[in-house]
Amino acid sequence: MVFLAIFLNTTNFSNILIFMTWLLFILGAIIAGFVQGLTGFAFALIAMSFWVWGLSPQLAAPLVVFVSVWSHLISLSNEPRLPHLHRTLYLPYLIAGLIGVPLGTWLLNIVEAGTFRILLGIFLVIWCPLMLLNPQIKLIQHSGKTADAGIGLAGGILGGLGGFCGSVPSAWLMLKQLPKEQQRYILRHFNFAIQVFTLAAYLLQGTLNQTHLPYIAVLILAVSIPAILGARLFHQISELRFKQIVLGLLFSSGCFLLIKEGIDSFSR
């Protein structure tokens, strides 16, 4: 009887763990889809803050890239056309960013990943509160396409290193004090292109395979409606609120990176 009770308790505990893993998976996808629809970036940041506790990086990383692309497609298809926004806004970032991605993956073999995440986390935790003071840097505000391309290159490298391709471009666009429509337009197209490029690489390498299909089916259902709702809400929020949301996401990203590295260091 004692052995039977232990077996039943173990079985129930295993079922609870499975249930909690799926709950975290779906909840993270819903919130991340809404945020990406609203801001044009940050799906990986939000989703991984949930998924890291239940999924392995090998399983989670390809899923993040796939569903980021999917939620971009969903929100883009439900947006009104904005004729005053032109592709020349994002092309310098995009072209340089695509060059930066393979550089970032190459640097993975040189730069220690934990050190990189700690430095990026410290930068975001310090920089985001300072941005609430609304600094006026005229040199950045009047910078041209060459500087934009340099930021796109940095974003692509960070994307190849750790999947944080939107962190540096979003910080730069805020310093340039562009209107929220332009910021979101640039971030959305930049992140979408980088993620499509990464997804193609995953497919060619076999990193995204049949084992991901059950998760992908759930993600498509969980993300679609939140992404549409986020895209519709964007047009109802003010410039200040948009800035606060983006800074909050970036600050959360920095905290998440530092906490994750602290936990990993403690467990070693």
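The values are calculated or read from the model by the stated rules, or taken from the named source; none is laboratory data. Values in this document were obtained by computation on a predicted structure and should not be read as measured data. Here the Cβ positions follow ideal geometry from the backbone for every residue, glycine too, while neighbour counts run over all protein chains shown. Quick note on the areas: whole protein, heavy atoms, side chains included, nothing else; ligands and nucleic acids left out. Shrake-Rupley method; radii C 1.70, N 1.55, O 1.52, S 1.80 Å.
Just a few scattered comments:
- For peptides 224-235, 18-29, sequence by mean Cβ density within 10 Å, most packed first: 224-235, 18-29
- Per residue solvent-accessible surface (Å²) - the chain, probe of 1.4 Å: 52
- Solvent-accessible surface of protein heavy atoms, probed at 1.4 angstrom with all chains present, puts 74, 194 in the order 74, 194, largest first.
- Of all accessible heavy-atom area on region 1-267, the percent that carbon and sulfur account for (1.4 Å): 73
- For region 1-267, the number of Lys pairs separated by eight or more positions or lying on different chains, with C-alpha atoms closer than 15 Å, is 4.
- Computed label-point distance, nm, for sites residue 126 and residue 147 using a 7 Å Cα→Cβ extension: 2.1
- Kyte-Doolittle mean at least -1.0, axial Cα span of 15 Å or more - DSSP H helices of the chain: 2-39, 57-77, 91-107, 113-131, 145-162, 180-205, 213-234, 239-267
- When the helices of the chain are scored as -39500 (n - 2.57) per DSSP H run of n ≥ 4 and the total is divided over every residue, the value at 222 nm lands at -27000 deg cm²/dmol.
- Charge sum, other residues only, whose C-beta stays under 10 Å from residue 242's C-beta, Lys/Arg counted +1 and Asp/Glu -1: +2
- Computed packing ranks the peptides 214-223, 245-254 as 245-254, 214-223, most packed first, by mean other Cβ atoms within 10 Å.
- Rh by Kirkwood over Cα pairs, then Stokes-Einstein D for the chain at 1.306 mPa s and 10 °C, µm²/s: 82
- For the chain, size of Cβ-based charge dipole, Lys and Arg +1, Asp and Glu -1, in debye: 540
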